[in-house]
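A.B. asks: Handing you this structure, nothing more for now.
None of the figures in this text is laboratory data; all of them are computed from the coordinates on show. Just so we're clear, the structure is a prediction, and the values are computed from it rather than from any experiment. No Cβ is skipped: glycine too gets one built from the backbone with ideal geometry, and neighbour counts run over all protein chains shown.
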Amino acid sequence: MKRILWTLLLVAMVMPAMAQRPRTRVEWGLVGGINVPDFTTNMDRTEIRNKCGWQAGIVTAVNLGAFAVEPQILYVRQGMRIRPEGTDELNLKSSSIDVPVLLSLRLLHPVRIYAGPVFTVMNDCKRKTGGDLIDFGRVRPTLSYTVGAGVVILRHLLVDLRYNGQFRSKHDVLLPDGRQLDQLRSYNVALSFGYLF
């Protein structure tokens with residue numbers, strides 16, 4: 001009888017504590033939007049004109065209450081026109097698959113603030129020559145970062161604004177004439193809209 005009473009007492013003490021603990025939920029959704037890239041280089045007499053791009057993908061989150069871990073997969077399309085001194089203008093189109101792994105703070109519901117690393121697992125850049133697309137090389141870093149904020153409207157609609165930067169410039173970008181493009185850096189601001197299921 002004592003064991004039953006002690007067991008009931010223990011259950012009575014543990015149940016309220018478990019009820020107060022936030023439930024872990026897994027969320028997912030689809031996003032798409034525009035990005036405004038900013039490719040720069042410190043090469044003298046090299047003109048770069050950036051073109052507006054777009055991205056689309058799948059977002060997920062393990063919601064732990066006050067914060068969440070958000071791994072995502074995004075297809076990112078960007079472009080630029082570059083004219084190094086003494087050469088023709090190059091029209092470049094970059095396609096990449098980015099995997100941001102974000103830590104999201106959710107203390108100010110429905111606003112979420114996040115930051116984290118971005119792993120670029122595929123980066124295919126091509127230059128347009130006449131009617132052909134020719135491989136150009138990688139113009140984006142394999143590891144970068146993002147910071148931003150989002151707001152969820154009506155429990156399902158996500159509006160998301162991010163700044164994506166890189167830790168260091170790329171030094172291995174080769175031009176068609178064999179010259180190396182010195183310190184190519186890429187930043188972008190991305191505005192996305194999504195639906196959370």
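A.B. asks: Can you order the peptides 83-92, 60-69 by their average number of other Cβ atoms within 10 Å per residue, highest first?
C.D. replies: Values: 83-92: 14.2, 60-69: 15.9.
My ranking of the peptides, most packed first, is 60-69, 83-92.
A.B. asks: Output needed for the chain: three equivalent-ellipsoid semi-axes, defined as square roots of 5 times the C-alpha gyration tensor eigenvalues, in descending order, whole Å. Could you put the intermediate results ahead of the total?
C.D. replies: Details: eigenvalues 459, 50, 35 Å².
Semi-axis lengths for the chain are 48, 16, 13 Å.
A.B. asks: Remind me, relative contact order of the chain in percent, using alpha carbon pairs under 8 angstrom and six or more residues apart?
C.D. replies: Numbers: 497 pairs, mean separation 39.6, N = 197.
Here the relative contact order equals 20 percent.
A.B. asks: Below 8 Å between Cα atoms, with a sequence gap of 6+, how large is the relative contact order for region 26-94 in percent?
C.D. replies: Details: 137 pairs, mean separation 22.0, N = 69.
Once divided by the residue count of region 26-94, the mean separation gives 32 percent.
A.B. asks: Shape call for region 153-197 from the C-alpha gyration tensor, a ≥ b ≥ c root eigenvalues: rounded (a/c under 1.5), prolate (a/b greater than b/c) or oblate? Kindly include the intermediate steps, with their values, before the conclusion.
C.D. replies: Values: a/c = 5.59, a/b = 3.56, b/c = 1.57.
Judged from the Cα gyration tensor, region 153-197 comes out prolate (a/c at least 1.5, a/b above b/c).
A.B. asks: Right, next: Write down the radius of gyration of region 32-88 and its Dmax, each obtained from C-alpha positions, in Å.
C.D. replies: Cα radius of gyration and Dmax of region 32-88 are 17.6, 57 Å respectively.
A.B. asks: Rounded to the nearest 20 debye, what is the charge dipole size of region 31-164 about its Cα centre when +1 sits on each Lys and Arg Cβ and -1 on each Asp and Glu Cβ? Before the final figure, lay out the partial values.
C.D. replies: Details: 16 positive and 12 negative charges, 56 e Å.
I would put it at about 280 debye.
A.B. asks: In a GNM of the chain with a 10 Å cut-off on Cα contacts, which of 93, 128, 170 has the highest mean-square fluctuation?
C.D. replies: Checking each option, the largest mean-square fluctuation is seen for 128.
A.B. asks: Say the dipole of region 134-197 comes from +1 at the beta carbon of Lys and Arg and -1 at that of Asp and Glu; which of 176, 150, 187 then lies farthest toward its positive end?
C.D. replies: 150
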